[in-house]
Structure formats: C-alpha cells, structure tokens
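Report on the following structure.
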Amino acid sequence: MPRMLDVSDAVRAEIGDEEADRLLAGENAPGSYDCTSCRTPGDSEQERTSTVLFVGDETAVLAFAHASCLPSQVVQVTEEQLQGAVRSIGAVGGDPAGGEPRTSVPEQAVLGVTSGLVLVDGELHPALVVEPTSPIVRPGTTGTGDDFLPLLIEQGFMPVTELASVPPVLHGWSVLLAVGQLHAVLQPSAAGGQPVAWWQAHQPLQVTDSWRAAANKHQQVLMFAAPVGSIGRQPREDLLRDALDKAAAGGRLVAAALPLAGT
C-alpha cells in the first residue's frame, strides 16, 4: 500500500530514485514507526511522514518522523554519533543487487537537555544538563551496559564529585546561542574543519534572560552530563541543583566549561 511519505530531493539524491520510489510505493517503508524527533508512534499509512537520512562518514541510516515534527532532510553526523546513538531495530529494504539490507529504522537515543543557572564558588553560571533517555553503548559493541560517561571522559569531560569549582574549559567544543535561543552543542569534526553538532535542537530552545545574561558575561556555558535516570526533569533550579549534587556524590556526573558561540 502506498505510504504518505515525503522524500525530499536531498534524500532522493542520496538513496537513489529506485529506492525512493520503492519507499513511496510502500515496499520498503514501515507502516508504523517511532518518530525520530518526538519519539511517539507514527503511521505512514494514516499521516504525512518525513524520511530523514542520517549520513555519517561511512554509514547512512534512514529514519522516519512526523511531517509536523521534521521536514524530509539529510542530516550530517559523525560516524561515532551515528554508531553510538542509533540502534537498528529492523531492516527496511534491500540492496537491489544482492538482497542485503542497506538501510534500517533506528531507535535513536534522545538527549534530554535542561538549561538553568548553577551557583558555583559563590557565582551564578549558565549551565546545560544533558541526560539521555536510554543507555548509550560504545560504538561497534552490543550489550546492555551504559558507556555514556566513559565516552564523554574520552572526549575531555571531567568526572565531578562535587560542584565546588568551575570545570576546565574543553577547547574545540562550544555552545551555539543565536538570537537569544539555544541551537546546538558543537564538537570538533573528526575530519577537521568546521565543528559538527553533538546535540542539535529540533527547534531552537528559549532560555531565560538571566541565563543569557550570565552566558554573555562569562562567555562560556557549563555542561553537565549524567547517565539515564540520574537527573530527571526538574521543574525548579533548586531541585536541579539537588539532583546534580546527588549525581556528583554518586560518581555519575561529568562536566566541562564550553565556550559560547553566538550571542
């Protein structure tokens, strides 16, 4: 049965006309899926659905999203991001030449990002707290472990046992703030050149005037990261601070100061 799929010209150019036509005809596209943006169920037989192609250095993975959440597009990511954040949950079609699966529907670990002001050494600092929605395994491995913190430590983030001092600056990383909104956390590209998005907001996130003022004052943002289940969504900054303190005391927190990109 034909699907209500949107396949952009950019996605078609990457996957080829034959694969795109088979998707539109319903041969390779699933009826139901989890939206790669909002993570709620979707049905390509009942509602408009966007094809989103994540392209790494060596791998490309096709995902699906509600058209109301994301337009059909090609998203450039690093190979490590692709392998670390995407877990295959089923084949969606085959290679016309050999019948081997060529793309799969990913279940992508979503990074929850909370902004808030954190008091460190008597001064308020703008902070981002990052917690994934599911365990992150090391690229190229399988299993049920969680390598989120070790992977960040390898990138230069420092383990935090208490929030007593500002963590060291992690050069090469930055926080992109534009027109008063939070757009992305950038990391160095593995191939050199322009930084790439380690995390990117589907829609720019609003931050408070006080958070933005503190970011402009310090020209950096403190980023704290913890494994799934460590922090949670805290409605107030005092509760967020309590959760950070508990995560730090339990050895479940890493941090770095990231330079501010933008205003």
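Quick notes on this one:
- With R₀ fixed at 25 Å, the C-beta to C-beta distance from Arg233 to Glu162 puts the FRET efficiency at about 0.60.
- Overall, the stretch 111-262 carries a charge dipole of about 260 debye about its Cα centre when +1 sits on the Cβ of Lys and Arg and -1 on the Cβ of Asp and Glu, all other atoms neutral.
- Working from Cα pairs under 8 Å separated by at least six residues, relative contact order for the stretch 111-262 is 33 percent.
- Spin-label pair Gln219-Lys246: with each label point 7 Å from Cα along the Cα-Cβ axis, the two points sit 3.8 nm from one another.
- Ranked from largest, the principal axis spans of the Cα set of the stretch 111-262 equal 43, 38, 28 Å.
- Taking a point 7 Å out from the Cα of Ser210 in the direction of its Cβ, the residues of the stretch 110-135 whose backbone N falls within less than 19 Å of it are 114-129.
Just so you know, all these numbers are worked out from the coordinates, no wet-lab data involved. Nothing here was measured: the structure is a model prediction, and the numbers come from that model. Quick reminder, even Gly has a Cβ in these numbers, built from the backbone with ideal geometry, and neighbours come from all protein chains shown.
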